[in-house]
Amino acid sequence: LMVESYVVAVLSFGVMLILIFGGMPIFAAMGLVGIAGLIFDTGFFQAMSFVQSLPYATLASYGLAVIALFFLMGDLVSQSGMASEAFDCSHKLLGNLPGGLAMATTLASGVSAAAMGSSTANAAVFTKIALPEMRRFGYDKSFSLGVIACAGTFAIMIPPSVLLVLYGTLTEESIGKLLIAGVFPGIITLGAYLGA
C-alpha cells in the first residue's frame, strides 16, 4: 500500500508538471491534480464534499482576513510617501554619526515595518528609497544591500506581522498575544542593528 502511495505521488507530480509546462496556470494545475488525488483517495462524493467546504472554512478565518488589510496598509504607507518621510526623518536624526545613513535606513525600516507586515515589501520599498541615497554618499553596494536586507526582517517581528498571523492561525494560538510578543524582540533587534 505504501508503494502505491509513492507511485500516486510521483505520477501526480509528473502530471502537474506536464500541465504547467503545457501552459496551464500553476494554481489550476495544482488544484486539478489535488482534486484528482482526493477523488482517488476518498471517492468522488466525499472528495466533492471536502472541496466544497474547505475553501470557505479556510478563508472565513479572521486571522487570514487580517492579512489582506496588512497588505493594504503597507501599500498605503508605500504610496503615501510615509516610508520615504520616515527615512528622511531618520537621516536628519542620525546622518551626522559614523554610518549614519545605514543607521537611518535601519531605523526607518523598523518604523515602516510597524505598518507593512511583510518583510519582502519592506525590503523592496527601502531598496527603492535608501539604496540610491547610500550609493550617492559612497557606501559600498554590497554593504548597502546587506543593511536593507537585514533591516527588512523587522517586519516579521514588529506588529503587524503576516507571519505571526499565519503561525497563530495554523497553531490556534492567540494572534493578539503573538503580535504583542513580537514588540520587544523587534525593538531589541533594532537596537542591536543600530549598535552594529
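The values are calculated or read from the model by the stated rules, or taken from the named source; none is laboratory data. Remember, it's a predicted structure, so these values are computed and weren't measured experimentally. Please note: Cβ atoms are built from the backbone with ideal geometry, for glycine as well, and neighbour counts cover all protein chains shown. Keep in mind that these areas ignore ligands, DNA and RNA; they rest on the heavy atoms of the full protein, side chains included. Shrake-Rupley method; radii C 1.70, N 1.55, O 1.52, S 1.80 Å.
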Stretchable slack from Ile187 to Met73, in nm (0.36 nm times residue separation minus alpha-carbon distance): 39.0 nm
Taking the alpha carbon gyration tensor of the range 56-104, what are the square roots of 5 times its eigenvalues, largest first, to the nearest whole Å? 36, 12, 5
How do 142-148, 166-172, 189-195 rank on mean C-beta neighbours within 10 Å, highest first? 142-148, 189-195, 166-172
In debye to the nearest 20, how big a dipole does the chain give about its Cα centre with +1 on each Lys and Arg Cβ and -1 on each Asp and Glu Cβ? 500 debye
What does the convex hull of the alpha-carbon atoms of the range 115-196 project to on average, in nm²? 5.6 nm²
Can you work out the accessible area per residue across the range 1-53, with the rest of the protein chains kept in place, probe 1.4 Å, in square angstrom? 79 Å²
Any chance you could check the Cα centroid distance between the range 125-188 and the range 1-54 for me, in angstrom? 36 Å
If the chain between Asp140 and Asn96 were fully stretched, how many nm would it gain, using 0.36 nm times the residue separation less the Cα-Cα distance? 14.0 nm
Of every hundred units of 1.4 Å-probe accessible area on the chain, the number belonging to carbon and sulfur atoms, as a percent, is 73 percent
Per the Kirkwood formula over distinct C-alpha pairs, the hydrodynamic radius of the range 59-196 in angstrom is 15.1 Å
